[in-house]
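Comments concern the structure below.
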Amino acid sequence: MAERIEQRLEDRIPELEQLERVGLFTRKEIRAVLRKASALEYKIQRRALRKEDFINYIQYEVNLLELIKKRRARIGYSFKKDEIEYSILHRVHSLFNRATGKWKDDVQLWLSHVAFCKQWNAKHQLSKVFSTMLAIHSNKPALWIMAAKWEMETRLSSESARHLFLRALRFHPECPKLYQEYFRMELMHAEKQRKEKKEFEQAKMDLGEFNYSDEILNGEMARIVYREASQKIKGVEFQLAVLSIAKLFDFTQDLQKEIHESLQTKYAGDPLMWDYMARQELQLGSLQPTENTTKQKKVSEMAQREERCCAVFDEAVRAVPTEDMWKCYITFCLERYNRKTNSEELKQKRLERTLSVFSKAHESNLLPEVLYKQWLQLLLDCSLSEKAVEVAEAATRHFRQSMETWQMRLQVLIQLKRDDVTDCFEEAIKQVKSKGTLPLWTLWVQWSEGTNSKEDTEALYQRSLHATTPPESVTMKEMYLDWTYRNGGYKKVKKLFTSLCENRPFSLDFFRKMIQIEKEQESCKMLHLREYYERALREFGSTNTDLWLDYIKEELSHPQGKPENCGSIHWRAMKMLEGDLVEDFVSKYTLLQTGHL
């Protein structure tokens, strides 16, 4: 092994001598490079190879290349690159090849090699990297697309890119993204040929051997790709993605027309198709010339475009009366309403239209639950409080068992300070299954704290403890403890704590809150703190190291503490903690003893 390393270091000598001779590095720096290279070489020649060692070696060589590049720029010396940089580049490629050969499944390693090749313009080497990588990772469409794009955009070889796409489709015959990028590539190839032909014609050159097929120039290859893909990939999303690509090229009108017809024929029942067709009305209007027009005329034109969009949406909800279709319609209306405009008239029109569409969807019983919240918010923003109350009530009739809908209605009533809040809470708790009522109870007690008497709020807290499931009651206990301390003082909260400790489960924060309350008292008693820590440790002593350490700190720092108890607490912690937590506790305890924690 030592002989091989010595040989590798000797191979470096010519490039290092050149670096010193041309004044890029000093003799001292050359020696430092040799020492570092020697250390790195030994690491990658061991029997038990580590990926990190190769990465560190590669990173060192890349940094060296960057440093040489900066020093060349500083002194203005650009010669001897064959003897210096190319030698280092060859070594980096060799390191990458060894690493990727050893850890073939590490895609990030392959991508690092690709990035390095691109950075240093190593086209021949990159072609080899892509070839090897795709042979191993043929199951990853993104890598095929990356390789094909490089062939098309960097090497300007549409033939190689097409060959890669066809190979990729043999492995992934139903991958939408592959077909989309293949479609884009064929259109780019057609555009490139159109430009070449135009330049030749402008230069009045004889095309001669250059044969520009009219079919290719008009995007016929892309049409073939589209038709093939349409047979294998169903769904309006793919059609729309392909159409958006086709629109980027100005010679694809016939192709766009074909995709439009396919959309309308095959996906007449899909909300996304109708959404696209409606929004097209907005785009078609924007293509008309608007120069030398007044602001009033622009507003009028925008209102007309939006009316045309809504006419298509109206037809859509009649043809496809589904929740998804209404959702698309409402989303469009909200987008237009939230769009900034200086015209109050246009703003009012958008608002009226949006509220009207919400009402129609609601009357059709096809308004999704999630959109009721947006409707209510819009009504409240417009100060239509009575209508908001009516809508909130209607929402809970439609979705009786939905906790979120009841919560939404209650928040509206609370915001408007209505008198029937308590009745609504009672009805909500009755309708919603007990398993998911925690948000309702927390909202109820929070409202009660600011509205009702202390007695009513306390009764509500007591009721919530019995009404919620055991895991949910943990949160209510914490809130009850905090409220009692704020409103009843220390004696009352201590009594409540003792009472609540009779029924599991508990949270760690429940005990920590009580410990904090005790510490805030002027006559903080260590006896009480011990009681709270002991109770907490019975529940969480096997899973929480910090609790033990805090207990020890308390014994050490409290005026009434007994430092001699620390040894006993430490012994109990070692016995009670599980698995790796013992080691974690020991390290933290050591830091505590040395004053670093």
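Grab the helices (runs of 4 or more DSSP H) fully contained in the range 105-214, keeping just those with 1 or more residues being acidic (D, E) and within 23 Å of I233 (Cα to Cα).
Details: elements: 107-119, 123-136, 141-153, 158-171, 176-202.
In the range 105-214, the matching helices (runs of 4 or more DSSP H) lie at 176-202.
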Filter the range 353-370 down to the residues that are in a helix (DSSP H, G or I) and either loosely packed, with under 14 Cβ neighbours inside 10 Å or touching a Gly at 6+ places or on another chain (Cβ under 9 Å) (or both) and list them by number. S356, E363, V370
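Of the residues in the range 96-108, how many are among the aliphatic types (A, V, I, L, M) and crowded, with 20+ Cβ neighbours inside 10 Å?
Step one: filter the range 96-108 for residues among the aliphatic types (A, V, I, L, M), giving 99, 107.
Okay, now just the ones that are also crowded, with 20+ Cβ neighbours inside 10 Å, so 99.
The qualifying residues number 1.
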Please verify whether R512 is open to solvent by 50 Å² or more (accessible area, probe 1.4 Å), assigned by the TED database to the domain that holds E554 and assigned to a helix (DSSP H, G or I), treating the condition exactly as stated. no
Would you point out the residue of the range 79-90, among those that are free of Cβ contacts under 8 Å to residues at least 60 places away in the same chain and open to solvent by 40 Å² or more (accessible area, probe 1.4 Å), that is nearest to E41 (Cα to Cα)? H90
Which of (1) in contact with a helix residue (DSSP H, G or I) (Cβ under 8 Å, 6 or more places away or on another chain); (2) in the same structural domain as G23 (by the TED database) does W120 not meet, given it meets every other one? (2)
Return the total of residues in the range 42-68 being over 37 Å from the mean Cα position of the chain (by Cα) and open to solvent by 50 Å² or more (accessible area, probe 1.4 Å). 5
Which residues, counting only those in the range 142-169, are surrounded by fewer than 19 Cβ atoms within 10 Å (Cβ to Cβ) and within 31 Å of the chain's Cα centre (by Cα)? A142, M146, K149, E153, T154
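Are there helices (runs of 4 or more DSSP H) fully within the range 239-352 with at least 3 residues that are open to solvent by 80 Å² or more (accessible area, probe 1.4 Å) and without any contact (Cβ under 8 Å) to a residue 24 or more places away in the chain? List them. So that I can check it myself, show each step before the final result.
Details: elements: 253-266, 271-286, 295-319, 323-338.
Helices (runs of 4 or more DSSP H) meeting the threshold: 253-266, 295-319.
Residue by residue, here is whether (1) within 30 Å of W444 (Cβ to Cβ); (2) open to solvent by 10 Å² or more (accessible area, probe 1.4 Å); (3) in a helix (DSSP H, G or I); (4) of a type in the set (A, V, I, L, M) holds:
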| site | (1), (2), (3), (4) |
| --- | --- |
| K492 | yes, yes, yes, no |
| F497 | yes, no, yes, no |
| N503 | yes, yes, no, no |
| E518 | yes, no, yes, no |
| S523 | no, yes, no, no |
| Y532 | yes, no, yes, no |
| A536 | yes, no, yes, yes |
| E539 | yes, yes, yes, no |
| L549 | no, no, yes, yes |
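The values are calculated or read from the model by the stated rules, or taken from the named source; none is laboratory data. Owing to the predicted nature of the structure, the values given are computational and were not obtained by experimental measurement. A quick note on method: Cβ atoms are made from the backbone with ideal geometry, for glycine too, and the neighbour counts reach across all protein chains shown. Ligands, DNA and RNA are stripped out before the accessible areas are found, and what is left, the full protein with its side chains, is counted by its heavy atoms. Shrake-Rupley method; radii C 1.70, N 1.55, O 1.52, S 1.80 Å.
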